[in-house]
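The values are calculated or read from the model by the stated rules, or taken from the named source; none is laboratory data. Note that the structure is a prediction, hence the values are computed from the model and not measured. Quick reminder, even Gly has a Cβ in these numbers, built from the backbone with ideal geometry, and neighbours come from all protein chains shown. Side chains are part of the model used for accessible areas, which takes the heavy atoms of the whole protein and leaves out ligands, DNA and RNA. Shrake-Rupley method; radii C 1.70, N 1.55, O 1.52, S 1.80 Å.
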Amino acid sequence: MSAVRETLDALGLVDHHCHGTVTADLDRAAFESLITEGDAWPGVSPFDSPVGVAVRRHCAPLLDLPRHAPVEEYLARRSELGWHEVRRRFLRGSRTDVLCVDTGFAPDRLTTPPELAEAAGGSAYEVVRLEGVAESVQATGVEPDAYADAFRAAALDAVRRPGVVAVKSVAAYRTGLDLDPARPSDTEVTRAARGWFARGGRLGDPVLVRHLLWTAVDLGLPLQLHTGFGDNDIRLHRADPAHLTDWLHLTAGTIPVLLLHCWPYQRQAAYLAAVFEQVYLDVGLTLHYVGPARAGAVLAEALEITPFRKLLYSSDAYGVAEFFHLGALAFRHGLAGLLQERVDADELSLPDALRIARWAGRDNALRVYRLPGDRPEGD
Amino acid sequence: MSAVRETLDALGLVDHHCHGTVTADLDRAAFESLITEGDAWPGVSPFDSPVGVAVRRHCAPLLDLPRHAPVEEYLARRSELGWHEVRRRFLRGSRTDVLCVDTGFAPDRLTTPPELAEAAGGSAYEVVRLEGVAESVQATGVEPDAYADAFRAAALDAVRRPGVVAVKSVAAYRTGLDLDPARPSDTEVTRAARGWFARGGRLGDPVLVRHLLWTAVDLGLPLQLHTGFGDNDIRLHRADPAHLTDWLHLTAGTIPVLLLHCWPYQRQAAYLAAVFEQVYLDVGLTLHYVGPARAGAVLAEALEITPFRKLLYSSDAYGVAEFFHLGALAFRHGLAGLLQERVDADELSLPDALRIARWAGRDNALRVYRLPGDRPEGD
Amino acid sequence: MSAVRETLDALGLVDHHCHGTVTADLDRAAFESLITEGDAWPGVSPFDSPVGVAVRRHCAPLLDLPRHAPVEEYLARRSELGWHEVRRRFLRGSRTDVLCVDTGFAPDRLTTPPELAEAAGGSAYEVVRLEGVAESVQATGVEPDAYADAFRAAALDAVRRPGVVAVKSVAAYRTGLDLDPARPSDTEVTRAARGWFARGGRLGDPVLVRHLLWTAVDLGLPLQLHTGFGDNDIRLHRADPAHLTDWLHLTAGTIPVLLLHCWPYQRQAAYLAAVFEQVYLDVGLTLHYVGPARAGAVLAEALEITPFRKLLYSSDAYGVAEFFHLGALAFRHGLAGLLQERVDADELSLPDALRIARWAGRDNALRVYRLPGDRPEGD
């Protein structure tokens, strides 16, 4: 095994963006629906896709099965062990020390951050999804002209809870990122809130989404932004993070902005990370969906110009514990592969390669979120 | 030779989107104009491009010439053999069992589907280009308020002919894919038809192009859509298939939609195939233009998240029979290379790799178009 | 060493787009600010990025230091040698015969074209940046209705100076490339000039930027266009060269258009070069920022469909002489690597590979700019 791979294998990762896992045993239909950003369609099983192949290859051994185990065997063994044990195995297997958990998306009953921490043998922090806060405020029946203050107060309450280290927005889903970058006026917000309250439904008004992003700036915590790949609720071209440029100019000098997922716009994200001090990125979600066979290729594009202090690791695991293991493994294999290749070609010194590995896998996240941990090198 | 390559080499492909070849001998200027999406410009021969290099490397041997034969020798031998024999050799060489032929673009006198089938030793089906149908209707002198009905009737007539298995639209060329997704009203269609009939020329009105796409939905057959790469009549950024997202939501549950070519938006196309049940893709046209040297790289991006049931093979050959051979060869080499690499790295089992190869090269197309053939595995 | 690499190593390059270097010794802060398109931020040194790694790896040996020298040693040795000697070493090291120098961007005191030529042991030509000309005209206090004539006259004066071979526009920075393609009327230009003169500041009015591009057409010289990657003054998605399509149609048959940088839109640029006679491209700037470890991957995408007569070399070096060396080295290593790989796989004949190498590194530029030189092959 290469020196870089050894270092990355031994490194306790910081997973700066993930979700809980479903606290129930899953039948085939339920499991399949959780390993795709689409659905399980007749004749097109999510197992017949890169992520399905990767689950059978890399997750089966942790359930004491041979590599490439057949689907039925895999699911039978998973049920036999029970969700609790399965969760423990994959979270331990991921060797993740720290988890930052987005608790704001929970159509299923999910593992809580402390439960994830216990399963992983590490610690967990919380990320507050601001759209959820806004929708809770709307549900209280507040008057439109009190919405802005009520939202800000609720968001402040939410982020002051112990263990909260960041906020998140899914503006990319709700409106796309091609928004007017300016902070909306009180009058605009009240008018937009009136419209939303009359219509009901989830937060999707462009003025209110902008207001949400600017409220994030006021909160002062790092802001995680969904960009790129997701389910079919996204308009992919409007989730290109390059659309954020004007907003990043206006908010320079305020909060760190963490671009999540990014694929297929990882080069655009890298550009932003290279030219804006406050911008960081990961290729979470992408890593387990493309699998270890392509994780290195995607990371190589993401790293073409990204400063090494700006790449973070996240799994974006949701629902099934497999994704904690698979994301971590794809990250370790992919990053180690590309760094070692450069060391072997004498394009990079080994000490530099090891430093980059530790930064991306752990230290950059400790630094951005001001988390405790062994004092990161180089700070 | 690798096991995957052997399987792909032995597989009778289904080429789900191609055109006829010119039924005449070609001088240098004519041949060059057919092997570029641009033109033959002074001092910039299309032979001095990736596709030209690939023709000399991979097509020369089928004309009994050495690999990398000089251009003049290649063209002389081609003339010596005659277009009929050349066509036979390349179509046989492509080992294509089934061809779905777009018969709606014929600035040249072209081989018909039965002639292609005979040359290939396989069978041929027809794809009806709807813009051609619309323009035929316009040419009849129909009244604008009768256009919608007349177009639908003509399209129904066209697809009811024996051997028709799909329709196609080049909306990407005519307006771009960034269209209002909604079905236009009768009033809108009549107004737009009035404008078109007064202006004349080809179909390019956005309302009528939308109407054409919705008529395709009514016809019930699979719809092939040009996306991405083409000649300079395209605005490439407006041919990004991600622009189809809203329309795909509105038409979910109706017809299969096959995204053709896709490059350089193969990842965007893969995203759509991963999140919409009805979406399929190929990287036809691209394969012979980038040549075997890069076909694997493009396929690897296309397959990053595409469900293995969603990738199809097409040559998009037009004009010269070389492209049937070159497209098939680039597909076989590229796909075999990437699958075998994963088998060798133990990222994929060999049986899975062989299954994916057969699906992509043949079975997925038989399934989408409901074509006869050996019963595809796994159905 | 491979045959292709030997040929490229021995080839005197034509660097068709570069800038001067700072004529002063640089402290760490000054040096760092010149090796990033962002800034030097606390805790995020530009040395901790792909370009910084490449400088320590590939530039240190030319300063008599070991590969991967520590930053402090590198900078100390650089100061010890002095900027004059450092400039000489890197320019000689780049083995560049001909330099086309954009003299219109000079926030620092920079080496002049003759000084660069002397340092390189080659010859230098000048590229006139049209935005600079326009801003000089504005500064003369001309009346708005005389602006168009005055700008044209000043541009003509500028390009008639000896040694001027091309003009350049940074429209991508000022407005983005998604401009109305039509030539603006005199009335529009006068109105826009009135607005600009009242507001002051740099040229950024869309009408005047369009007018500038059309004036370039009238001048008749090759036009270099910034596209893609740059500092944070760019909106990356609006610098996609595909936006130029309509303008390229309107200006077909007039001047050569050279797309600079292009990343991450090198495939879009390749498409334009494949379908418009007048379009050429390079991946300058990108090459040293991604470094030799990724230059081959970027070039491979750029060359997927680009006619081999359409790729040029540029360093886009600015400020530090290291970039002349690094750009040339990344180009040579990257292009040689991909061509030799194809020769080894028998996808390309060796004579073809050598021809492509000489065209891209030298002959294509001599041809487009009508520069003297050994008579390029194949003309």
What are the GluC sites (Glu not before Pro) within the stretch B:306-377 that DSSP puts in a loop, where the Cβ has at most 15 other Cβ atoms within 10 Å? B:GLU377
Is there a simple number for the mean count of other chain Cβ atoms within 10 Å of the Cβ of residues in B:240-246, and what is it? 4
I want to check the label-to-label distance for A:ASP25 and A:GLU73. Put each point 7 Å from Cα in the C-beta direction and report it in nm to one decimal. 2.0 nm
Tell me, what HN-Hα J-couplings in whole Hz come from the Karplus equation 6.51 cos²θ - 1.76 cosθ + 1.60 at θ = phi - 60° for each residue of the stretch B:291-297, using x for Gly and Pro? x, x, 5, 10, 4, x, 5
The protein assembly as shown - percent of accessible surface contributed by carbon and sulfur, probe 1.4 Å: 49 percent
Amide H contacts under 5 Å for C:THR96, restricted to residues at least 5 apart in sequence or on another chain and with H modeled in the peptide plane, are C:LEU13
I'd like the antiparallel share, as a percent to the nearest 5, of DSSP beta bridges with both residues in the protein assembly as shown. 5 percent
So what's the angle, to the nearest 10 degrees on a 0 to 90 scale, between helix A:186-199 and the longest Cα principal axis of chain A? 70 degrees
Tell me the Kirkwood hydrodynamic radius of the stretch B:26-81 in angstroms, computed as one over the mean inverse distance between distinct C-alpha pairs. 11.3 Å
Folded to 0 to 90 degrees: helix A:322-344 orientation relative to chain A principal axis, Cα: 70 degrees
I'd like the trypsin sites (Lys or Arg not before Pro) in the stretch C:302-379 restricted to DSSP loop residues with at most 16 other Cβ atoms within 10 Å, sorted by number. C:ARG370
Quick one: Cα centre-to-centre distance for the stretch B:41-65 and the stretch C:234-293, in angstrom? 25 Å
Table column - 3J(HN,Hα) (Hz), the stretch A:13-25, Karplus curve with 6.51, -1.76, 1.60, x for Gly and Pro: 6, 9, 9, 7, 7, 8, 10, x, 9, 5, 9, 6, 6
Hand me the trypsin sites (Lys or Arg not before Pro) from the stretch C:38-133 located in a DSSP loop with no more than 11 other Cβ atoms within 10 Å, in residue order please. C:ARG109
What angle, in degrees between 0 and 90 and rounded to the nearest 10, separates the Cα long axis of helix A:71-81 from the longest principal axis of the Cα atoms of chain A? 80 degrees
Mind checking which lysines have their C-alpha under 25 Å from A:LYS168, skipping anything on the same chain fewer than 8 residues away? A:LYS310
If Rh is defined by the Kirkwood formula over all Cα pairs and Rg also comes from Cα, what ratio Rg/Rh do you get for the protein assembly as shown? 0.95
Under the Karplus relation with 6.51, -1.76 and 1.60 and θ = phi - 60°, whole-Hz ³J(HN,Hα) for the stretch B:166-180, x at Gly and Pro, equal 6, 10, 9, 10, 10, 3, 4, 6, 7, 9, x, 8, 8, 9, 3
For labels at C:ALA345 and B:MET1 in the simple 7 Å Cα→Cβ model, what's the distance in nm? 1.8 nm
Evaluate peptide A:184-195: per residue, the Cβ atoms of other protein chains within 10 Å of its Cβ; return the mean as an integer. 0
How big is the equivalent ellipsoid of chain A along its three axes, where each semi-axis is √(5λ) from the Cα gyration tensor, reported in whole Å from largest to smallest? 33, 25, 19
Please report the net charge: other residues with Cβ closer than 12 Å to the Cβ of A:ILE234, K and R +1, D and E -1. -2
Under the 7 Å Cα-to-Cβ spin-label approximation, A:SER136 and C:ASP180 lie apart by a distance in nanometres of 5.0 nm
In whole angstrom, the spacing between the Cα centers of the stretch A:335-356 and the stretch B:153-221 equals 55 Å
For A:GLY104, the residues 5 or more places away or on another chain with a placed amide H closer than 5 Å to its own amide H are A:ARG129
Counting alpha carbon pairs within less than 8 Å and at least 6 residues apart, what relative contact order, in whole percent, applies to chain B? 21 percent
